[in-house]
Each structure stands twice: as C-alpha cells, then as structure tokens.
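Structure, as structure tokens:
The values are calculated or read from the model by the stated rules, or taken from the named source; none is laboratory data. A quick note: this is a predicted structure, and the numbers were derived from the prediction, not measured. Quick reminder, even Gly has a Cβ in these numbers, built from the backbone with ideal geometry, and neighbours come from all protein chains shown. Calculation scope for accessible area: heavy atoms of the full protein, side chains included, ligands and nucleic acids excluded. Shrake-Rupley method; radii C 1.70, N 1.55, O 1.52, S 1.80 Å.
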Amino acid sequence: MHKTILVTGGAGFIGSHVVRLFVNKYPEYKIVNLDALTYAGNLENLSDISSKPNYIFEKGDITDTDFVNKLFERYSFDSVIHLAAESHVDRSIVNPGAFISTNILGTVNLLNAARHFWNDDFKDKRFYHISTDEVYGSLGEEGFFTETTAYDPRSPYSASKASSDHLVRAYFHTYKLPVVISNCSNNYGPNQFPEKLIPLAINNIKNNKPVPIYGKGENVRDWLYVIDHADAIDLVFRKGKTGETYNIGGNNEWKNIDLIRKLCEIADRKLRRKKGASAELIIFVKDRAGHDLRYAIDSSKIQNELGWKPSVTFEEGLEKTIDWYLQNENWMAGILDGSYEKYYEEQYVKR
Ligand code: NAD
Ligand code: TYD
C-alpha cells in the first residue's frame, strides 16, 4: 500500500531512529520529516538515508498554523507520527513557555490540520502521538505505571506532555479522529543530545570531566534502548487499536548512581583505564527542583496484545551505546562546537 507519512521531530534523537526505520523498511511509503531544527534537531543523524527517494525533509515549526496547513495540502498525508517536542526536564524548569508552545499548541495545530484535511473521512488514517511515562508522575518504591494510572505530571515538561495526551484523546472522543498514543520510559542509545544523563556522562567520562549526579543519585528510571522503542513505534503504528494507549518500557530499573557506576566500569575497560578510574569523576550536585523519585512501566499490554519485547539487555545496549559515542567523535564535536547547526544550510540551502 502507498502511504505518505508525516513524521514530526524526525531530526531529534528518537525521531531520527523512527525515520531511518520507516525509510529503510517501507520503500513504498513516502516519509516526510518535519522538524524546526531547534538546538535538539540534527540532520547529521539522518545523513545515511537523506538521499533515499522515499525521504523528504521539510524545515518548519509545528506551532506555525499556516505552514502546517500548507504541508497537509501539499502532501495529503495518510498518517502522522508525532514526536516533535521540547523534551528536556531541566530546560522546562528554566523556560516552561517553549514547552507550552511546542508540546501543547503545536500538537493542537497538527490535530486540527489532520481533522480538517481528512475531512471526517478517517478510513486508513492514523494520528500517532508519542508520549512519555512522566505524565503519570512519580512512584514510591513499589508499583508500576499502567495505561490506566491517573495522570499526575509534576514538571513543566511532563505537564505539557500530559496536556497534549489529553487533547489527542479529546479529538478521538469528540471528533472520532483515529488516534493512538504510546507512553515510553527513558530512552538511551546513539544520537541522543548530550544534555541527557547517559550521553552527558559518556562524554564527560571520556574527557576526564566531572560527572554530575543530582542529589544523592537515588532516583530511579526505567531505561529502554532507542532502537527497541522505534520497533515498538512501528508495531503500534501498524497494529495498535485506534483510541488506545500503549505503555512501552524496558523492565529495567536503575538508580542513577548505580547506572553511572556501571557506565564507568564499562568505560574503564573500553578506554583502557585502571579499574575505578572513571568512577572517581563522579560528583554529587544540587538536586533538580521537584525531582521525580521513580518511574517504572508495566508494558504487559503491548507485550501481550502486540507481541513486542525489547531485543537487547541493558548491558548489551550500554556497550553498543558507549561504542557508538566513542566511534562517532565528530558527531559529538559538531554539537559541542555548534557546527551541527550549519548542516541544514550546507545540505539544503547552498546546493
Ligand atoms: P529530542 O529533543 O531529541 O528531539 C525533538 C525534535 O523535535 C528535535 O529534532 C527538534 O528540532 C524538534 N522540534 C522541537 N520543537 C519543534 C517545533 N516547534 N516544530 C518542529 N519540530 C520541533 O527529543 P526525543 O528525546 O527524541 O523525544 C521525541 C519524543 O519522544 C518527544 O515527544 C518526547 O516527549 C518523547 N519521549 C522521549 C523519551 C526520551 O527518553 N527521550 C521518552 C519517552 C517519550
Ligand atoms: P534525564 O536524562 O534528564 O531524563 P529525565 O529527567 O527525563 O528522566 O535524567 C535522567 C535522570 O538522571 C534523572 O533522574 C535526572 C538525573 N540526572 C543527573 O543526575 N545528572 C545529570 O547531569 C542529568 C542530566 C540528569
């Protein structure tokens, strides 16, 4: 079947893995990647597939109503996979406005455009909204988030994502827009912007810089390898039931301090340092405001109903991740010196 799919946020971390998967796996689909190329967007993430005939990049902002409407007019999308977002909790604490704008208003723009252009004829249409487990709030030492856990977001980031999830569901109930939502735990892997814990720690360890742990490092996150998330997204896109939500997680909980110690151990081996050398870089710094204690996902619904399960263990995923960052020093250097932001101009404007 020929489909034209709009992927938003495809130049970011998870979006680039989703775009690559779809472009390679479905040569009969046209994949249009809409991305504003904020600080988090990096077209180098997609340099290996950018000249494929079924891939198109469009630079633009999902908060720009006219632009979004024109794009729907031009391409007549069958489906939307919506990943574009402001995604970093610490930035949301400093500047909540950008999160309200992109995550809430941008999502509403896309919902409105889909509803308008599909004109209530929703056959074979799908609006897939990618969200986070952070909408459920913070757990104590016990329990897991399920798809029916009440929303209780506690940071401006999670509150903006919760709001967008509610709006997506509201468009399903009110207008019958054929939506599906998934809420995933913390991702890690290649191409993650080095403001997030794992790439930041790898880069600092490699460069013998302090590795900052917020508070006492007791906070717990459930980690999933990004390529397993992309596979889950493919599955939910194809087989998920309209109107439903699927939780995606690695069943892989780690206290931050234990995770960083593990990373240091692997780094010692890969960097041929004496045992314990990298861990000496760990420093404890002021805690994040409102720092959620624990996230943990019950992913039995997607496992039982759609047959998904993670393909790599955490040890394998971490090894692959560290190898990738050590072998792709130019990628990291481009981010650190800002030159990655020139890629769009060189590839798309000057040609
Ligand atoms: P990211 O920050 O790496 O990438 C976000 C992308 O969106 C960037 O390419 C950026 O340029 C683009 N973007 C931002 N604002 C835009 C706008 N106004 N218009 C168009 N494009 C815009 O994020 P990520 O970590 O890849 O997350 C992708 C999605 O997955 C987000 O919706 C996030 O909430 C969700 N999610 C992330 C995680 C995680 O661990 N990273 C876990 C669960 C869910
Ligand atoms: P992060 O990667 O920002 O993801 P999220 O806040 O969405 O879970 O942070 C993961 C955990 O690591 C979180 O508990 C905050 C903590 N953290 C640190 O201890 N030090 C750091 O430098 C960063 C960026 C995060």
- Restricting attention to the range 58-76, report how many residues are touching a Ser or Thr at 6+ places or on another chain (Cβ under 7 Å) and either acidic (Asp, Glu) or within 15 Å of ligand 1 (Cβ to nearest atom) (or both). 2
- Under 7 Å between Cβ atoms, at least 6 apart or on separate chains: pull out the pairs that start in the range 79-106 with a residue that is in contact (Cβ under 8 Å) with a residue 12 or more places away in the chain and end on any residue that is more than 8 Å from ligand 1 (Cβ to nearest atom) and acidic (Asp, Glu). His88/Glu195
- Might you check whether a residue that is in a strand (DSSP E or B), modelled with pLDDT of 95 or more and among the aromatic types (Phe, Trp, Tyr) occurs anywhere in the range 275-298? yes
- Per the filter on the range 128-161, residues more than 14 Å from ligand 1 (Cβ to nearest atom) and either under 29 Å from Leu6 (Cα atoms) or of a type in the set (Asp, Glu) (or both) are Glu141, Glu142, Thr146, Glu147, Thr148, Tyr151, Asp152
- Scan the range 97-105 and give yes if some residue there is crowded, with 21+ Cβ neighbours inside 10 Å, within 13 Å of ligand 1 (Cβ to nearest atom), among the small types (Gly, Ala, Ser) and modelled with pLDDT of 95 or more, otherwise no. no
- Query: Just to be sure, is Lys52 farther than 21 Å from Gln192 by Cα, more than 16 Å from ligand 2 (Cβ to nearest atom), in a helix (DSSP H, G or I) and of a type outside the set (Phe, Trp, Tyr)?
  - Reply: no
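Only one of these is open to solvent by less than 10 Å² (accessible area, probe 1.4 Å) and outside any loop (DSSP other than H, G, I, E, B): Ile335, Ile302. Name it.
When all the criteria are applied, what remains is Ile302.
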- Subset of the range 1-19 (residues that are touching a residue at least 40 places away in the same chain (Cβ under 8 Å) and either charged (D, E, K, R) or not in a loop (DSSP other than H, G, I, E, B) (or both)): Lys3, Thr4, Ile5, Leu6, Val7, Thr8, Phe13, Ile14, Gly15, Ser16, His17, Val18
